[in-house]
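Student: First, the structure itself, so that you have it in front of you.
The values are calculated or read from the model by the stated rules, or taken from the named source; none is laboratory data. Quantities reported herein were computed from a predicted structural model and do not represent experimental measurements. With ideal geometry, Cβ positions are generated from the backbone for all residues, glycine too; neighbour counts draw on all protein chains shown.
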Amino acid sequence: MKLPIVQYGDPVLRAKGKRIEEVTDQVRELAANMLETMHEANGVGLAAQQIGEPLQMTVLDISAVEDRPSTLRLDGQEVDPASAMPLVLLNPALELHEETVVGLEGCLSFPEITADIERAESVVVRAETLDQQLIKIEASGLLARALQHEIDHLNGILFIDRMNSAAKAALASRLKRLQKEFSRA
Ligand SMILES: [Zn+2]
């Protein structure tokens, strides 16, 4: 089932996600609904906060993006990133590599807003799957960027927090408008 995506202004986007201790039918259903919602919206990632649930769960799928490459090692094995999609990650822990890169980002909770954001070029993520397997993801490129963006969401951090002050200033009136729309709704 496709779910409504929470827009900027809703305080749930600032909530830190609760750990998922047990994969219940409810968690599985939520994951399926998040995948459907992300795919319908042509997003590459969606965090539980964005459908109004402050939980440590995110879904990702970068397979439809052809012009921004990624690499992926899954439990130490080099794999074709597209073939490993979609990912459903529970309770992810993120390690950043030092080297950074600037790239364009958008967010399904910020309609029509994009900005260049500096992020680590590659990351290591340890997370649980819906089968309660612990997996290790080593990623670079778009997938590394998407993982950082989504795991930020799980901690209540938004991509506007990562923008430089000039980019944020340029967006200030649009952000204010979004916040006002939320308080009217
Ligand atoms: Zn986002």
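Student: I'm told ILE151 meets every condition in (1) surrounded by 15 or more Cβ atoms within 10 Å (Cβ to Cβ); (2) under 17 Å from VAL44 (Cβ atoms); (3) aliphatic (A, V, I, L, M); (4) more than 16 Å from the ligand (Cβ to nearest atom) except one. Can you identify the failing condition by its number?
Tutor: Condition (4) is where ILE151 drops out.
Student: Okay, moving on. Filter the range 131-185 down to residues that are modelled with pLDDT under 90 and under 15 Å from the mean Cα position of the chain (by Cα), then give me how many there are.
Tutor: Adding up the residues that qualify gives 0.
Student: Just for strands (runs of 3 or more DSSP E) wholly inside the range 61-172: which have at least 3 residues that are among the β-branched types (Val, Ile, Thr)?
Tutor: 100-107, 110-120, 122-128
Student: Of the residues that make up the range 100-115, is at least one within 16 Å of the ligand (Cβ to nearest atom), within 25 Å of PRO4 (Cβ to Cβ) and of a type in the set (D, E, K, R)?
Tutor: Checked the range 100-115: at least one residue is within 16 Å of the ligand (Cβ to nearest atom), within 25 Å of PRO4 (Cβ to Cβ) and of a type in the set (D, E, K, R).
Student: Okay, next question. Please work out if LEU171 is in contact with a Leu (Cβ under 8 Å, 6 or more places away or on another chain) and away from the ligand (no atom under 12 Å from the Cβ).
Tutor: No; evaluated as a whole, the condition is false for this residue.
Student: Still on this model: As an exercise: evaluate LYS2 against (1) away from the ligand (no atom under 16 Å from the Cβ); (2) free of Cβ contacts under 8 Å to residues at least 24 places away in the same chain and give the number of the one condition it does not meet.
Tutor: (2)
Student: Okay, moving on. Take the residues in the range 3-21 that are assigned to a loop (DSSP other than H, G, I, E, B) and over 23 Å from ALA41 (Cα atoms); name whichever of them is nearest to the chain's Cα centre (by Cα).
Tutor: Selected residue: LYS16.
Student: All but one of (1) surrounded by 17 or more Cβ atoms within 10 Å (Cβ to Cβ); (2) more than 18 Å from GLY45 (Cα to Cα); (3) modelled with pLDDT of 95 or more hold for SER122, so report the exception by its number.
Tutor: (2)
Student: Residue by residue through the range 35-60, note down the ones that are more than 11 Å from the ligand (Cβ to nearest atom), within 19 Å of LYS18 (Cα to Cα) and assigned to a helix (DSSP H, G or I).
Tutor: ALA48, ILE51
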